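Worksheet for the structure shown next.
The values are calculated or read from the model by the stated rules, or taken from the named source; none is laboratory data. Everything quoted here is computed from the prediction, not taken from an experiment. Cβ atoms come from the backbone with ideal geometry, glycine included; neighbour counts cover every protein chain shown.
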Amino acid sequence: MSKKTVCIVGSGNWGSAIARIVGTNILDNPDTFHSRVNMYMYEEKYEGRKLTEVVNEMHENVKYLPGFKLPENVVAMPDLAEASKTADILIFVLPHQFVRGTCKAMQEHVKDTALAVSLIKGFDKDAEGNILMISKLIEDWLKIDCCVLSGANLAQEVAEEQFCESTLGVKKPEQGELLKMLFEKPFFRTSVVMDVETIEMCGALKNVVAIGAGIVDGMGLGHNTKAAVLRLGLMEMVAFGELFIKGCKEDTFFESCGIADLVATCHGGRNRLLGETVVKSDKTIRELEKDILRGQSFQGPLVAKEVYHTLSQKNLLERFPMFTAIYRICEREMDPREFIDCLRNHPEHI
Ligand SMILES: NC(=O)C1=CN([C@@H]2O[C@H](COP(=O)(O)OP(=O)(O)OC[C@H]3O[C@@H](n4cnc5c(N)ncnc54)[C@H](O)[C@@H]3O)[C@@H](O)[C@H]2O)C=CC1
Ligand SMILES: O=C(CO)COP(=O)(O)O
């Protein structure tokens, strides 16, 4: 097998944490991978200098993952075409709203034999306004296979090398073997599952439920209420999967990408924090994102919007009262204090 070149497309909070794993695994497997990893970085200024320059000098993403060194074989590059044109494996790890533009810009340059893997937790929509999986979007634009990696993986804790699990979604077993070499660590255990779209859907929808968990926290409610939000949220995730994913397997919800990621994000994620803040502030989501995340991105409100539009087109809003309420709260159409009222008569209780 000829040696593979790897490019990481994205360099935010999770992109930088995963670069630490991928960069060192590549150095540990010199027969399989070329040592240099290009990391595409959306250029911006940091304290008057180009962020790429600072990152390559300090070997640290001082803006998005401060305090953690990047392996020296990981090189930040602002030119997407240059970064991606030699890649045999493309790791997509951007906020989902930037994927379409990114794929468009790299389309001409990507090798037709390359393999993509998406670590993104979000949805796009197709020309008819239906939910479109990010892996599918990448496949449509780049004409290459796209696998996924998703799990209970809060970036800060992964960077601290605390033990966790993750789920690799592949279409062929050999893709699982190759990707395990890139992502597996003693502190980051991966399970390979052949159910790409359900894994991906779990990652997107748990960000919506996490906003609900945060709302409950913001209202000062306790563990029982939060547990109800998690359970009803999970039931809506399963129902959504059954309706919209062909071949959706129930077992997948018991992998790290399902229940475990739901629990982790509802307790420690950025989307949970957003829900808590929404109760205490009158600001819009955009304003809160700027105030709280300083350049990082909440994926939950955007996913809630795509979900709401799909459900409303299909006359299914009543079947999904939690997703519906969270969308309305994020749009500031509904008072977050009315959230629990929306769950009292949930179809799961009938
Ligand atoms: N942060 C976390 O703990 C985890 C995040 N994820 C998922 O990974 C994906 C990426 O998240 P993060 O790395 O946390 O990103 P982030 O939330 O830190 O986002 C900031 C990134 O977006 C980039 N950006 C800003 N404008 C851009 C543009 N116009 N085009 C391209 N890039 C632009 C910034 O340069 C920066 O790299 C998301 O889908 C997220 O849900 C998954 C697991 C854990
Ligand atoms: O996906 C995540 C953990 O697995 C991170 O969730 P947040 O984007 O809510 O921080």
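Restricting attention to the range 2-53, the residues that are more than 16 Å from ligand 2 (Cβ to nearest atom), buried (at least 19 other Cβ atoms within 10 Å of the Cβ) and of a type in the set (Phe, Trp, Tyr) total 2. When the criteria are applied in full, Met201 meets the requirement of being farther than 30 Å from Lys280 by Cβ, within 14 Å of ligand 2 (Cβ to nearest atom) and in a helix (DSSP H, G or I). Scanning the range 232-262 for residues that are surrounded by 15 or more Cβ atoms within 10 Å (Cβ to Cβ) and of a type in the set (D, E, K, R) returns Glu236, Lys249, Glu255, Asp261. The condition of being of a type outside the set (D, E, K, R) and on the phi > 0 side of the Ramachandran plot holds for only one of Gly101, Gly12, Gly67, that being Gly67. Listed by first and then second residue, the pairs with beta-carbon distance under 6 Å, at least 6 apart or on different chains, first residue in the range 277-295 and aliphatic (A, V, I, L, M), second assigned to a helix (DSSP H, G or I), are Val278/Pro336; Val279/Ile215; Val279/Gly218; Val279/Pro336; Ile285/Pro301; Ile285/Cys330; Leu288/Thr277.
Give the residue, chosen from Leu168, Leu149, Leu178, Leu182, that is within 13 Å of ligand 2 (Cβ to nearest atom) and assigned by TED's automatic domain parsing to the domain that holds Gly12.
Within the list Leu168, Leu149, Leu178, Leu182, the selection yields Leu149.
Remark: Val229 falls outside the filter, which requires a residue to be within 16 Å of ligand 1 (Cβ to nearest atom), over 25 Å from Leu179 (Cα atoms), modelled with pLDDT of 95 or more and surrounded by 24 or more Cβ atoms within 10 Å (Cβ to Cβ). Of all residues in the range 263-322, which are in contact with a Gly (Cβ under 7 Å, 6 or more places away or on another chain), closer than 22 Å to Gly129 by Cβ and within 13 Å of ligand 1 (Cβ to nearest atom)? Matches in the range 263-322: Gln299, Leu302, Val303.
Number of residues in the range 254-282 that are assigned to a helix (DSSP H, G or I), away from ligand 2 (no atom under 15 Å from the Cβ) and either under 12 Å from Ser150 (Cβ atoms) or not basic (Lys, Arg) (or both) equals 2. Taking every residue in the range 19-34 that is assigned by TED's automatic domain parsing to the domain that holds Tyr64 and pairing it with any residue that is modelled with pLDDT under 95, at least 6 positions away or on another chain, the pairs with Cβ-Cβ distances below 8 Å are Thr32/Met1. Residues that are touching a strand residue (DSSP E or B) at 6+ places or on another chain (Cβ under 7 Å) and of a type in the set (S, T, N, Q) occur in the range 118-130; there is at least one.
Of the candidates Leu316, Leu293, the single residue that is at pLDDT below 95 and not assigned by TED's automatic domain parsing to the domain that holds Gly169 is Leu293. The requirement of being under 22 Å from the mean Cα position of the chain (by Cα) and within 18 Å of Val303 (Cα to Cα) is satisfied by Phe98.
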